[in-house]
1. Check 73, 92 and return the single one that is in a strand (DSSP E or B) and of a type in the set (A, V, I, L, M, F, W, C).
2. So how many residues does the range 103-137 have that are more than 18 Å from residue 21 (Cα to Cα), at pLDDT 70 or above, surrounded by 19 or more Cβ atoms within 10 Å (Cβ to Cβ) and small (Gly, Ala, Ser)?
3. When you look at residue 14, is it farther than 25 Å from residue 139 by Cβ, part of a strand (DSSP E or B), of a type outside the set (Gly, Ala, Ser) and open to solvent by less than 50 Å² (accessible area, probe 1.4 Å), yes or no?
4. Could you check the range 69-93 and list, in sequence order, the residues that are at negative phi and surrounded by fewer than 19 Cβ atoms within 10 Å (Cβ to Cβ)?
5. What are the residues in the range 33-55 that are aromatic (Phe, Trp, Tyr), without any contact (Cβ under 8 Å) to a residue 12 or more places away in the chain and farther than 20 Å from residue 16 by Cβ, if any?
6. Out of everything in the range 17-54 that is under 17 Å from residue 83 (Cβ atoms), modelled with pLDDT under 80 and not in a strand (DSSP E or B), what residue ends up being least open to solvent (accessible area, probe 1.4 Å)?
7. Could you tell me whether residue 75 is in contact (Cβ under 8 Å) with a residue 12 or more places away in the chain, closer than 13 Å to residue 13 by Cβ and aromatic (Phe, Trp, Tyr)?
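The values are calculated or read from the model by the stated rules, or taken from the named source; none is laboratory data. What you see is a predicted model; the values in this text were computed from it and never measured. Here Cβ is always computed from backbone atoms with ideal geometry, including for glycine, and neighbour counts include all displayed protein chains. Note: areas computed on protein heavy atoms with side chains; ligands, DNA, RNA excluded. Shrake-Rupley method; radii C 1.70, N 1.55, O 1.52, S 1.80 Å.
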Amino acid sequence: LGDVYKRQDIQRAVVVAARLQHPGVVPIECAFIDNGSVYVQSRFYTGGNLRQWAIGKSAEARLLAASRIASAVAFLHDNQILHRDLKPENIVMDGNDDCAPPALCDFDLSLDISQTQQTTKERGTMLYMPLDGTPPSEKGDVYSLGVTLFDLLVCE
């Protein structure tokens, strides 16, 4: 059951990412199964994840990244997708410079908003999840975005 569940998560991630064409979303180049393992290929982001990139960056660079990340999340919601695991490690940076564009990745917990009636269980990373345990919603993503941006803008 565990392998089937993981494959379903990966399949969902590939399907969601493939339908979302936006500079703030990591594009999936291909996916395949080899000897029971699933591989997903996307391009390499040289700036690492948001937490790694942010070290030593100016307030202006962090604010620019925050604005772009919020725009990418709004794009997801406009396209009826909940990410459900927004956090600095699921945002990659396309370079190390101050103007490097961020992109959302790791869509294995994502849901189409129409599917939220089928599940009441919130999933994701505890530190970034709403404390009230509400079912998956845009509000949950916005809460996670807020914690992520707080982390980016205030924490070093």
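1. From the options 73, 92, the qualifying one is 92.
2. Count: 0.
3. Numbers: farther than 25 Å from residue 139 by Cβ: yes; part of a strand (DSSP E or B): no; of a type outside the set (Gly, Ala, Ser): yes; open to solvent by less than 50 Å² (accessible area, probe 1.4 Å): yes.
The answer is no for residue 14.
4. 70, 71, 74, 75, 77, 78, 79, 89
5. We begin by selecting, within the range 33-55, every residue aromatic (Phe, Trp, Tyr); these are 39, 44-45, 53.
From what is left, the residues that are without any contact (Cβ under 8 Å) to a residue 12 or more places away in the chain are 39, 44.
Matches in the range 33-55: 44 only.
6. Checking each candidate, the answer is 17.
7. When the stated conditions are applied, residue 75 does not pass them.
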